[in-house]
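To start, the structure under review is shown below, and the notes come after it.
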Amino acid sequence: MESGWVTTGPEVTAFETELAAWVGATYAVGVSSCTAAIEIAVRALRLPPNSRVLTSTITFCGAIHAIVHAGHRPVLVDVDDATLMPSPGTIARAARSGADAFVAVHYAGHGTPLQEVADAAGLPISRVVEDAAHAIGTEIGGRRVGSFSAATCFSFYATKNLPIGEGGMITTNDESIAERARRLRIHGMTADAWKRYLPGGSWRYSVAEDGIKANMTDIQAAIGRVHLKELEGWQRRREMLAAAYDAGLAGIPGIRLPARPEGDSRHAWHLYVIRVQRDYGMSRDALMARLAEQGVHCSVHFIPNHTQPYFGRFLDVHARFPVADRAFEEILSLPFYHSLTFAEVERVCDAIRAASPVREHKGSAIGEAEVVA
Ligand SMILES: *Cc1c(COP(=O)(O)O)cnc(C)c1O
């Protein structure tokens, strides 16, 4: 604020450089949101209008709007029961009627194998864009998400792992995609348009294409730069909180814990999503209401997009989503953020254990351990 420069300027450039280095990408372009990042990244692929762009039905609606706004047809894909992300089988089925690009989401922060996704869709990896709104800090094969596909889109929305309030970033190793994204984010004006306001800058600009207004501000970037320094510590804290939930919920019948990544992959733990299954003896909705009465507020990520009235018009006639439909009845996002305390995790776990109508399994695992000791 004291610099007198509030909108896009040197703080954005510095944040871009630092975030690109953090994720291991060559280029980064700061934008106003992840939704704008996805629209810009998909447009940067230069597909013919009305191309078929595949993505998971279990994602935030903004990611589907981004495909529509880029001038294409979203093709929703059913998910795998364990990861809640499209599997080679569901992708191949959706791609049977054609696939021109794929927007892959690393659901909850669990990395999805991108080469496998591309192969299943019959696409080169250069036609894959990542929705990494949950995945800053996710590692796949020992490398951070940010440079695996044509372009990776991050979110700095208030609830995300690197929160600014609002904001997004596109990272890529492809210079032409970075250049196009820089123009598209600011009315299609030639690169570094903001410099025209600097002393000695030229007032002339040229409009090269149909860009949008989606630039990041220096105020956002200044906050993001401070938070980026904290991020690795926050991620370690999230890992410990996830482990505490795993331990606290272990053995409750009908409570299924989130999938763990394999090998040298690392979960970013944006969300901690359990499944409330038949054996629990109570529906997800009933449990959610019971927890809310006790001041434990949960959420559901996400309502499958194929059930949304507006997106219905894009569905292939034979498209079915049996796994997503079933999972939607069961998924429950527990309170999860880096400042959550272990005592709060225990309180949530105890409340879930106590709410179960299945009597013989009552009693806290922690309490039992104390008795045994
Ligand atoms: C939050 C979110 C987005 C949108 O991010 P914004 O920065 O709010 O536009 C996109 N996809 C997923 C999966 C999200 O969770």
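Things worth noting here:
- Test for M282: is it farther than 21 Å from H134 by Cβ and among the aliphatic types (A, V, I, L, M): yes
- Answer from R52, R93 - the residue that is more than 19 Å from H301 (Cα to Cα) and without any contact (Cβ under 8 Å) to a residue 24 or more places away in the chain: R93
- Boolean, E130 is in contact with a helix residue (DSSP H, G or I) (Cβ under 8 Å, 6 or more places away or on another chain), within 16 Å of the ligand (Cβ to nearest atom) and under 23 Å from G4 (Cβ atoms): no
- Residue check for F311: in a helix (DSSP H, G or I), within 16 Å of the ligand (Cβ to nearest atom) and open to solvent by less than 60 Å² (accessible area, probe 1.4 Å): yes
- Given (1) within 16 Å of the ligand (Cβ to nearest atom); (2) assigned to a loop (DSSP other than H, G, I, E, B); (3) within 20 Å of I177 (Cβ to Cβ), index of the condition T83 fails: (3)
- Count - residues of the range 354-370 that are touching a helix residue (DSSP H, G or I) at 6+ places or on another chain (Cβ under 8 Å) and either at pLDDT 95 or above or open to solvent by less than 30 Å² (accessible area, probe 1.4 Å) (or both): 2
- Among the residues making up the range 270-288, those that are open to solvent by less than 50 Å² (accessible area, probe 1.4 Å) and out of contact with any Pro (no Cβ under 9 Å at 6 or more places or on another chain) are H270, V276, R284, A286, L287, M288.
- Inclusion of G211 among residues that are away from the ligand (no atom under 16 Å from the Cβ), open to solvent by less than 60 Å² (accessible area, probe 1.4 Å) and among the small types (G, A, S) is warranted.
- Selection within the range 14-30 - among the hydroxyl-bearing types (S, T, Y) and free of Cβ contacts under 8 Å to residues at least 12 places away in the same chain: T17
- Selection status of Q220, of a type in the set (S, T, N, Q) and either in contact (Cβ under 8 Å) with a residue 60 or more places away in the chain or touching a Pro at 6+ places or on another chain (Cβ under 8 Å) (or both): yes
- Residues within the range 30-69 that are within 14 Å of the ligand (Cβ to nearest atom) and either farther than 29 Å from P322 by Cβ or in contact with a Cys (Cβ under 6 Å, 6 or more places away or on another chain) (or both), tallied: 12
The values are calculated or read from the model by the stated rules, or taken from the named source; none is laboratory data. Not measured: the values here are computed from a predicted model. FYI the Cβ positions are ideal-geometry reconstructions off the backbone, even for glycines, and counts take in every protein chain you see. Areas reflect the complete protein model, heavy atoms only, side chains present, ligands, DNA and RNA absent. Shrake-Rupley method; radii C 1.70, N 1.55, O 1.52, S 1.80 Å.
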